[in-house]
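The values are calculated or read from the model by the stated rules, or taken from the named source; none is laboratory data. What you see is a predicted model, and the numbers here were worked out from it, not measured in a lab. When we count neighbours, we look across all protein chains shown, and the Cβ atoms used for this are built from the backbone with ideal geometry, even at glycine. Ligands, DNA and RNA are excluded from the accessible area calculation, which covers all protein heavy atoms including side chains. Shrake-Rupley method; radii C 1.70, N 1.55, O 1.52, S 1.80 Å.
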Amino acid sequence: QVQLVESGGGLVQPGGSLRLSCAATGSIFSINAMGWYRQAPGKQRELVATITSGGSTNYADSVKGRFTISRDNAVNTVYLQMNSLKPEDTAIYYCNVVANWQYWGQGTQVTVSS
């Protein structure tokens, strides 16, 4: 059984930083893309950033230059370094892994507020 274990969310002031982690555990093979999505109250889930097995990255325009996605293939873990956080970044952040199937994490709350 595959599980995605997320960590790193929390409350931060505007301009602050947080780092999210997501580890894929269980019988998962040949992970292709890994990524992060987010969903704010009353809004649809949206892509934040993705990274392929080869290291190619893609970012939403709203986070370019502030967020950095990375991965450690040895431990099937994806990270999201979030800097210069803004109140509009407040959302539940979900980890996504594409392998033989598509998997989602349970979500971690990120709140940016003074």
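Can you report the number of residues in the range 88-107 which are surrounded by fewer than 20 Cβ atoms within 10 Å (Cβ to Cβ) and part of a strand (DSSP E or B)? Give the steps one after another, and end with the answer.
Let us first name the residues in the range 88-107 that are surrounded by fewer than 20 Cβ atoms within 10 Å (Cβ to Cβ), namely 88, 90, 92, 98-104, 106-107.
With part of a strand (DSSP E or B) added as a condition, the list becomes 92, 98, 102-104.
Total meeting the criteria: 5.
Listed here are the residues, each with its yes/no results for (1) charged (D, E, K, R); (2) at pLDDT 95 or above; (3) in a loop (DSSP other than H, G, I, E, B).
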{"site": "Pro14", "(1), (2), (3)": "no, yes, yes"}
{"site": "Arg19", "(1), (2), (3)": "yes, yes, no"}
{"site": "Ala23", "(1), (2), (3)": "no, yes, no"}
{"site": "Ile28", "(1), (2), (3)": "no, no, yes"}
{"site": "Ala49", "(1), (2), (3)": "no, yes, no"}
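May I ask you to list the residues in the range 78-101 that are in contact with a Cys (Cβ under 7 Å, 6 or more places away or on another chain) and at pLDDT below 95? Steps first, answer last, please.
Within the range 78-101, the first condition is being in contact with a Cys (Cβ under 7 Å, 6 or more places away or on another chain), and the residues that meet it are 78, 95.
Answer for the range 78-101, where residues must be in contact with a Cys (Cβ under 7 Å, 6 or more places away or on another chain) and at pLDDT below 95: there is none.
Going through the range 24-76 one residue at a time, which ones are open to solvent by 30 Å² or more (accessible area, probe 1.4 Å), among the hydrophobic types (A, V, I, L, M, F, W, C) and under 12 Å from the mean Cα position of the chain (by Cα)?
Leu47
Please count how many residues of the range 74-87 are over 13 Å from Val12 (Cβ atoms), in contact (Cβ under 8 Å) with a residue 40 or more places away in the chain and out of contact with any Ser or Thr (no Cβ under 7 Å at 6 or more places or on another chain).
Residues flagged as over 13 Å from Val12 (Cβ atoms), in contact (Cβ under 8 Å) with a residue 40 or more places away in the chain and out of contact with any Ser or Thr (no Cβ under 7 Å at 6 or more places or on another chain) within the range 74-87 amount to 4.
Please count how many residues of the range 1-13 are in contact with a strand residue (DSSP E or B) (Cβ under 6 Å, 6 or more places away or on another chain) and either open to solvent by 50 Å² or more (accessible area, probe 1.4 Å) or charged (D, E, K, R) (or both). Show your work before the answer.
Looking only at the range 1-13, we keep the residues that are in contact with a strand residue (DSSP E or B) (Cβ under 6 Å, 6 or more places away or on another chain), and these are 2-9, 11-12.
With either open to solvent by 50 Å² or more (accessible area, probe 1.4 Å) or charged (D, E, K, R) (or both) added as a condition, the list becomes 3, 5-7, 11.
Qualifying residue count, the range 1-13: 5.
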